[in-house]
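The values are calculated or read from the model by the stated rules, or taken from the named source; none is laboratory data. The structure displayed is predicted, hence computed values, not measured ones. Cβ placement follows ideal geometry from the backbone for every residue including glycine, while neighbour counts extend to all protein chains displayed.
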Amino acid sequence: MSELRVIAIDGPAGSGKSTVARAVADRLGLDYLDTGAMYRAVACAALRRGVDPGDVDAVAEVARSIDLDLTRDACVVDGVDATTDIRGPEVTGAVSVVAANPGVRVEMVARQRAWATERGGGVMEGRDIGSVVFPDAELKVYLTASAEVRARRRAGEAGGLDVVSVGADIDRRDAADSGRETSPLVEAPGAVVLDTSELGVDEVADRVVGLLE
């Protein structure tokens, strides 16, 4: 995998992964992949098919059979646009249990590695890129921010939702992602930790690109 130019950006919800990863990809001329959207797509497909998100075997089969077309700006699941649905409350409520499913993770990791191999690398963001998907990435970055800042960001992204309720949801996601047995959210060995609480997107992107120089 060492010949691939992979930039791994991990971190919890609201840490700025997506916006920073997009900015870094633009600066480096690399493709960008939001791996979290892949798990959301599986959750969306399960719900659309009437599969209980907690049914381990059935959801793993959904992951293996899903026709997923994920681009920078759109997500098509089984031939139907899901760009809005994967960010909706129903999917958000189900994605943690889906993402903790070992069978789902095996399938998505395989697809993520294939995606990078096809492109010669890319900027990949998620929760286990540096720790599991590409532990030999050229650069591994772990973004973090204070709980309050992360809640404010997420509330703003969602169109002004209540910060307290968004914060509670983030706490729940953090606990689920950090506590799961398969590919938990951790700082990967060798990752550079950046606190984005007081930094703008361009400042963080500058620092990430600067780490490559």
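Filter the range 149-173 down to the residues that are in a loop (DSSP other than H, G, I, E, B) and more than 19 Å from G36 (Cα to Cα), then identify the one that is modelled with the lowest pLDDT.
First pass over the range 149-173, keeping only residues in a loop (DSSP other than H, G, I, E, B): 158-162.
Next, only the ones that are more than 19 Å from G36 (Cα to Cα) stay: 159-162.
Values: G159: 71, G160: 67, L161: 75, D162: 82.
Taking the candidates together, the pick is G160.
With the condition being closer than 30 Å to E148 by Cβ, I'd like the helices (runs of 4 or more DSSP H) fully within the range 1-111 carrying at least 3 qualifying residues.
In the range 1-111, the matching helices (runs of 4 or more DSSP H) lie at 17-28, 35-48, 89-99.
Of everything in the range 191-206, what is outside any strand (DSSP E or B) and either in contact with a Pro (Cβ under 7 Å, 6 or more places away or on another chain) or farther than 13 Å from I7 by Cα (or both)? Give them in sequence order. I'd like the intermediate steps shown before the answer.
Filtering the range 191-206 down to residues outside any strand (DSSP E or B) leaves 191, 196-206.
Within the range 191-206, T196, S197, E198, L199, G200, V201, D202, E203, V204, D206 qualify.
Residues are listed down the side, and each one gets a yes or a no for (1) surrounded by 21 or more Cβ atoms within 10 Å (Cβ to Cβ); (2) within 25 Å of E138 (Cβ to Cβ):
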residue: S15; (1), (2): yes, yes
residue: A21; (1), (2): yes, yes
residue: D26; (1), (2): no, yes
residue: L33; (1), (2): yes, yes
residue: M38; (1), (2): yes, yes
residue: G54; (1), (2): no, no
residue: V59; (1), (2): yes, no
residue: A63; (1), (2): yes, no
residue: C75; (1), (2): yes, no
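Which numbered condition trips up E157, out of (1) over 16 Å from the mean Cα position of the chain (by Cα); (2) exposed (fewer than 15 other Cβ atoms within 10 Å of the Cβ); (3) closer than 16 Å to K17 by Cβ?
Exception for E157: condition (1).
Test each condition in (1) within 17 Å of A94 (Cα to Cα); (2) in contact (Cβ under 8 Å) with a residue 24 or more places away in the chain; (3) loosely packed, with under 12 Cβ neighbours inside 10 Å for E181 and report the one that comes out false.
Only one criterion in (1) within 17 Å of A94 (Cα to Cα); (2) in contact (Cβ under 8 Å) with a residue 24 or more places away in the chain; (3) loosely packed, with under 12 Cβ neighbours inside 10 Å is unmet by E181, namely (1).
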